[in-house]
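Notes follow once the structure below has been shown.
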Amino acid sequence: MTATIKDVAEHAGLSVSTVSRFLNNHPYISEDKKARIHAAMKALDYEPSTAAQQMRGVKSHRIGILVSRITNPFFANLVDALEVTARKNGYSVLIVQNHDSVGEEANCLDLLKKKIIDGLILCSVESDKAVLEKYQQHGPILLCNTSVDGAELPVVRVDDEEATFNAIGYLLEQGYQKIAYCTGGDFLQKGHGERRNRGFQKAMTAAGKTIDNALIFRRLHTYKDGIRLAEQLAARLPSARPDVVFTGSDDVACGLVTWLTNHDIRVPQDIAVVGFDNLPVSEMVSVPITTVNQPVDKLGQFSVEYLIALIACKPYRYNSDDLKAELVLRKSA
């Protein structure tokens with residue numbers, strides 16, 4: 001038999017009106033009563049009626065944000081920009097990490113269905129378009145700096161395919177011949193980093209260059225990954241080393257530059273390095289890093305403003321020119 005709000009009240013030793021106020025996000029309920037209600041709901045496996053909440057027009061004034069990993073400095077900065085804009089507009093945020101594994105997106109979608117959040121921003125995607133579009137009936141879902149092929153979902157993102165194409169093109173123009181390429185994924189047609197992968201492949205094809213699989217490095221995300229990559233490159237004969245490494249991440253680039261310079265491999269004379277994101281740390285290493293700037297503040301601002309407009313069923317437009325990614329030239333390449 002399905003538990004009712006009356007059952008919850010009796011189990012918690014509280015009035016039905018108190019439980020009702022709790023379910024409607026009333027601000028003046030003590031932490032003790034909240035804990036008792038939570039415990040009663042869990043014990044009775046009670047779920048609030050989503051339909052009833054919708055009829056009452058209840059809003060949580062909370063949005064969900066799914067990212068791959070908050071320890072990635074880019075996502076840390078993006079989440080900060082998202083949260084700042086949300087707070088300015090009277091919303092709090094619920095941040096979830098999936099660590100590039102499957103499962104957390106489904107939990108976030110369930111939060112949307114249960115009206116625990118009013119809308120969801122996905123900075124990392126696990127499901128296909130059919131799943132995501134199905135859940136749109138429960139509230140707006142917005143893709144931030146990611147994409148789903150064929151999905152009719154609102155998107156706010158930097159064109160990192162074009163940014164990668166332009167960066168690789170610049171390196172080729174500078175005379176670099178052996179270009180190593182790093183990706184956070186597996187360098188597959190579909191999957192993590194696919195837009196940047198396409199940008200790299202298109203730039204190499206346009207220049208008549210063959211992609212050397214020995215110079216493709218996969219699943220690199222962190223500073224330590226950059227150090228491990230540097231060790232791999234140093235173990236090669238100088239003739240087998242790349243002229244330049246496009247890391248796709250300032251975090252990886254910093255690890256790479258730090259290890260190389262500490263082991264008497266000159267940057268950029270022996271191996272040049274290019275990052276991606278233009279994080280503050282990219283200017284702080286011994287050889288300041290040439291990198292692709294992503295306007296993360298605008299990315300976060302536009303994403304939240306767009307989602308809030310969708311929640312309110314209002315139109316929203318932003319200037320796409322404000323999301324242009326540009327190469328920032330420093331000393332590493």
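When you scan segment 208-300 for strands (runs of 3 or more DSSP E) that lie fully inside it, which ones turn up with 1 or more residues that are on the phi > 0 side of the Ramachandran plot and touching a residue at least 40 places away in the same chain (Cβ under 8 Å)? Break it down into steps so the answer makes sense when it comes.
Details: elements: 244-246, 272-277, 290-293.
It comes to 272-277.
Need a quick list: strands (runs of 3 or more DSSP E) entirely within segment 107-201 having at least 1 residues that are within 21 Å of residue 61 (Cβ to Cβ) and of a type in the set (A, V, I, L, M).
Numbers: elements: 119-122, 141-144, 179-182.
Those strands (runs of 3 or more DSSP E) span 119-122, 141-144.
Does segment 311-319 contain at least one residue that is surrounded by 15 or more Cβ atoms within 10 Å (Cβ to Cβ) and of a type in the set (A, V, I, L, M, F, W, C)?
Yes, some residue in segment 311-319 is surrounded by 15 or more Cβ atoms within 10 Å (Cβ to Cβ) and of a type in the set (A, V, I, L, M, F, W, C).
Enumerate the pairs (first residue in segment 177-189 and under 11 Å from residue 201 (Cα atoms) and in contact (Cβ under 8 Å) with a residue 24 or more places away in the chain; second residue anywhere and outside any strand (DSSP E or B) and charged (D, E, K, R)) with beta-carbon separation below 7 Å, excluding pairs fewer than 6 apart on the same chain, so at least 6 apart or on different chains.
Listed by first residue and then by second, the contacts come to 187/218.
Kindly indicate the residue of segment 132-146 that is farther than 21 Å from residue 83 by Cα and in contact (Cβ under 8 Å) with a residue 12 or more places away in the chain and also nearest to the chain's Cα centre (by Cα) among those meeting that condition.
Initially, segment 132-146 is screened for residues farther than 21 Å from residue 83 by Cα, giving 132-138.
Filter again for in contact (Cβ under 8 Å) with a residue 12 or more places away in the chain, leaving 132-133, 135-136, 138.
Details: 132: 17, 133: 19, 135: 20, 136: 20, 138: 22 Å.
Among them, the one singled out is 132.
Six or more apart or on different chains, Cβ under 7 Å: which pairs go from a residue in segment 34-46 that's over 11 Å from residue 13 (Cα atoms) to one that's part of a loop (DSSP other than H, G, I, E, B) and not charged (D, E, K, R)? Could you list them?
Sorted first by the residue in segment 34-46, then by its partner, the pairs are 44/3; 45/3; 46/3.
Readers should treat all values here as calculations from the given coordinates under stated rules, not as data from a laboratory. Keep in mind it's a predicted model, so treat the numbers as computed, not measured. FYI the Cβ positions are ideal-geometry reconstructions off the backbone, even for glycines, and counts take in every protein chain you see.
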